[in-house]
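Novice: Handing you this structure, nothing more for now.
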Amino acid sequence: MKRYVITGGLGFIGSHLAERLVDIADVWVIDNQASNVVDAIPGTKLILDDMAVADWPEDIDGIFHLAGPVGPVGVLSWAGKIVPDVIRCAERVRQEAIINDCPVVYVSTSEVYGLQEQPVKETSPRVIAAGSSARMEYAVAKMAAETMLLNTDFLDVRIIRPFNVAGPRQSEQGGFVLPRFMRQARSGEAMTVYQPGTQRRAFTHVLDIVEGIYRAMRLGKQGEVYNLGNDLNECSIYELAREIHDIMGSASPIEIVDPTIIWGLGFKEAPDKIPYARKAMRELGWQPLRNRSQIILDVLAWNEATGWARG
Ligand code: UDP
């Protein structure tokens with residue numbers, strides 16, 4: 001049985017990855033519980049510590065590196081600390097990968113493309129926005145960590161760039177739109193579509209993303225970068241609000257609002273984000289299977305099952 005380490009394995013994506021692997025591998029989760037976390041997946045081994053200084057297990061066959069600050073609102077309180085933290089964690093990952101002579105799957109972000117025209121391929125140039133917002137610091141930090149890992153001799157790293165992941169266990173705390181709209185729709189509060197409402201995203205089910213991450217470990221090639229996102233799920237944010245509203249039979253009004261009134265001037269909107277993920281399909285045999293309404297229904301079912309306590 002292979003031994004895998006998942007950094008950030010108590011987070012939204014990490015916990016689903018742990019669940020995907022727990023029956024077929026010896027899964028170790030390292031998580032310092034800095035962001036919103038879920039209960040540990042039964043059968044996994046848990047190290048509750050800062051991954052950069054924790055005692056890691058020995059004889060590791062692969063590292064999935066997911067730990068880090070997340071979410072456009074979640075990163076605001078990390079401004080000025082995102083770059084050093086992301087690099088510090090990436091340094092430890094590289095050290096452990098070299099000691100164990102094992103591959104790393106680094107879960108980066110579609111944010112690295114910045115203001116690039118959509119859809120984006122792995123080879124598209126990255127276009128850095130003016131200014132120094134926390135969102136930009138996050139993108140730059142992830143880009144720097146990717147580059148550092150890719151440039152390390154004798155390191156087998158495969159990079160994943162996920163696009164707007166959504167699904168059960170995603171917390172509203174990072175600011176993510178789906179859990180937020182669903183809570184608002186349920187409570188009858190106004191659904192806050194940030195202006196202009198025409199901005200476009202392609203939401204991808206967390207179970208599809210997790211499958212892609214695992215395939216990158218099994219089938220990915222050293223030094224390769226893979227976009228993971230479901231372009232068939234593309235919509236405007238206003239359309240998303242309407243869809244959630246209708247599926248839930250909500251009585252909430254849908255309002256167009258200025259997000260900086262809610263979150264302050266530090267909040268920055270990203271441009272449209274549309275993935276071009278044919279490389280992962282071709283080289284990893286990856287295929288996203290779940291459409292947007294399936295994502296909404298799965299999150300709804302999970303919220304009902306947990307009494308709307310976690311979302
Ligand atoms: N959004 C919104 N209302 C909200 C929260 C988010 O209109 O209450 C929008 C946000 O402006 C963005 C999209 O939903 O255009 C996706 O936001 P999310 O934070 O989930 O991810 P992002 O793609 O911005 O990183």
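The values are calculated or read from the model by the stated rules, or taken from the named source; none is laboratory data. Everything numeric in this text was worked out from a predicted model, so none of it was measured. Virtual Cβ from ideal backbone geometry, glycine too; neighbours counted across all protein chains shown. Just so you know, the surface numbers come from the protein's heavy atoms only, side chains and all, with ligands and any DNA or RNA stripped out. Shrake-Rupley method; radii C 1.70, N 1.55, O 1.52, S 1.80 Å.
Novice: Looking only at region 270-294, filter to residues that are of a type in the set (D, E, K, R) and in contact with a strand residue (DSSP E or B) (Cβ under 7 Å, 6 or more places away or on another chain); which one of those is surrounded by the most Cβ atoms within 10 Å (Cβ to Cβ)? Please lay out each step first, then the result.
Specialist: Filtering region 270-294 down to residues of a type in the set (D, E, K, R) leaves 272-273, 278-279, 282-283, 290, 292.
Within this subset, residues satisfying the condition of being in contact with a strand residue (DSSP E or B) (Cβ under 7 Å, 6 or more places away or on another chain) are 272-273, 279, 290, 292.
Details: Asp272: 17, Lys273: 21, Lys279: 17, Arg290: 19, Arg292: 23.
This residue is Arg292.
Novice: Take the conditions more than 15 Å from the ligand (Cβ to nearest atom) and at pLDDT 95 or above and apply them to Val107. Does it pass? Show your work before the answer.
Specialist: Working: more than 15 Å from the ligand (Cβ to nearest atom): no; at pLDDT 95 or above: yes.
Here the answer is no, as Val107 does not meet what is asked.
Novice: Of all residues in region 157-184 being more than 11 Å from the ligand (Cβ to nearest atom) and in a loop (DSSP other than H, G, I, E, B), which is most open to solvent (accessible area, probe 1.4 Å)?
Specialist: It comes out as Arg169.
Novice: Just need a number here: residues in region 249-265 that are surrounded by fewer than 16 Cβ atoms within 10 Å (Cβ to Cβ) and outside any strand (DSSP E or B).
Specialist: Residues in region 249-265 being surrounded by fewer than 16 Cβ atoms within 10 Å (Cβ to Cβ) and outside any strand (DSSP E or B): 10 in total.
Novice: Take the residues of region 64-105 that are small (Gly, Ala, Ser) and more than 25 Å from Gly223 (Cβ to Cβ): which is nearest to the chain's Cα centre (by Cα)?
Specialist: The initial filter retains those residues of region 64-105 that are small (Gly, Ala, Ser), namely 67-68, 71, 74, 77, 79-80, 90, 97.
Narrowing the set further to residues that are more than 25 Å from Gly223 (Cβ to Cβ) leaves 71, 74, 77, 79-80.
Details: Gly71: 8, Gly74: 12, Ser77: 18, Ala79: 18, Gly80: 21 Å.
The extreme case among them is Gly71.
Novice: Going through region 83-128 one residue at a time, which ones are open to solvent by 50 Å² or more (accessible area, probe 1.4 Å) and either part of a strand (DSSP E or B) or among the charged types (D, E, K, R) (or both)?
Specialist: Answer for region 83-128, where residues must be open to solvent by 50 Å² or more (accessible area, probe 1.4 Å) and either part of a strand (DSSP E or B) or among the charged types (D, E, K, R) (or both): Arg88, Glu91, Arg94, Asp101, Glu117, Lys121, Arg126, Val127.
Novice: Can you tell me which residues in region 67-82 are within 16 Å of the ligand (Cβ to nearest atom) and either under 25 Å from Val206 (Cβ atoms) or not in a loop (DSSP other than H, G, I, E, B) (or both)? Lay out the reasoning, then the answer.
Specialist: Step one: list which residues in region 67-82 are within 16 Å of the ligand (Cβ to nearest atom), which gives 68-79, 82.
Hits for region 67-82 are Gly68, Pro69, Val70, Gly71, Pro72, Val73, Gly74, Val75, Leu76, Ser77, Trp78, Ile82.
Novice: Which of the residues belonging to region 35-49 are in a loop (DSSP other than H, G, I, E, B) and crowded, with 16+ Cβ neighbours inside 10 Å? Spell out the reasoning first.
Specialist: Going through region 35-49, the residues in a loop (DSSP other than H, G, I, E, B) turn out to be 35-44, 48-49.
The answer is Ser35, Asn36, Val37, Val38, Ala40, Ile41, Thr44.
Novice: Conditions first: (1) touching a helix residue (DSSP H, G or I) at 6+ places or on another chain (Cβ under 9 Å); (2) within 12 Å of the ligand (Cβ to nearest atom). Asp272 passes all but one, so which condition is the exception?
Specialist: (1) is the only condition that Asp272 fails.
Novice: Okay, moving on. Exactly one condition in (1) of a type in the set (D, E, K, R); (2) assigned to a helix (DSSP H, G or I); (3) more than 16 Å from the ligand (Cβ to nearest atom) is not met by Glu137; state its number.
Specialist: (3)
Novice: Looking only at region 185-241, which residues are more than 19 Å from the chain's Cα centre (by Cα), open to solvent by 60 Å² or more (accessible area, probe 1.4 Å) and either more than 13 Å from the ligand (Cβ to nearest atom) or not β-branched (Val, Ile, Thr) (or both)?
Specialist: Arg186, Ser187, Glu189, Gln195, Pro196, Arg218, Leu219, Lys221, Gln222, Tyr238, Glu239 - these are the residues of region 185-241 that are more than 19 Å from the chain's Cα centre (by Cα), open to solvent by 60 Å² or more (accessible area, probe 1.4 Å) and either more than 13 Å from the ligand (Cβ to nearest atom) or not β-branched (Val, Ile, Thr) (or both).
Novice: Does at least one position in region 129-146 carry a residue that is in contact (Cβ under 8 Å) with a residue 12 or more places away in the chain, on the phi > 0 side of the Ramachandran plot, open to solvent by 10 Å² or more (accessible area, probe 1.4 Å) and out of contact with any helix residue (DSSP H, G or I) (no Cβ under 6 Å at 6 or more places or on another chain)? Working first, answer last.
Specialist: At the first step, the residues of region 129-146 found to be in contact (Cβ under 8 Å) with a residue 12 or more places away in the chain are 129, 131, 133-146.
Adding the requirement that they be on the phi > 0 side of the Ramachandran plot leaves 131.
Narrowing further to those that are open to solvent by 10 Å² or more (accessible area, probe 1.4 Å): 131.
Narrowing the set further to residues that are out of contact with any helix residue (DSSP H, G or I) (no Cβ under 6 Å at 6 or more places or on another chain) leaves 131.
Looking through region 129-146, at least one residue is in contact (Cβ under 8 Å) with a residue 12 or more places away in the chain, on the phi > 0 side of the Ramachandran plot, open to solvent by 10 Å² or more (accessible area, probe 1.4 Å) and out of contact with any helix residue (DSSP H, G or I) (no Cβ under 6 Å at 6 or more places or on another chain).
Novice: Taking the condition open to solvent by less than 40 Å² (accessible area, probe 1.4 Å), within 13 Å of the ligand (Cβ to nearest atom) and within 22 Å of Asn303 (Cβ to Cβ), does Ile244 pass?
Specialist: Values: open to solvent by less than 40 Å² (accessible area, probe 1.4 Å): yes; within 13 Å of the ligand (Cβ to nearest atom): yes; within 22 Å of Asn303 (Cβ to Cβ): yes.
Yes; evaluated as a whole, the condition is true for this residue.
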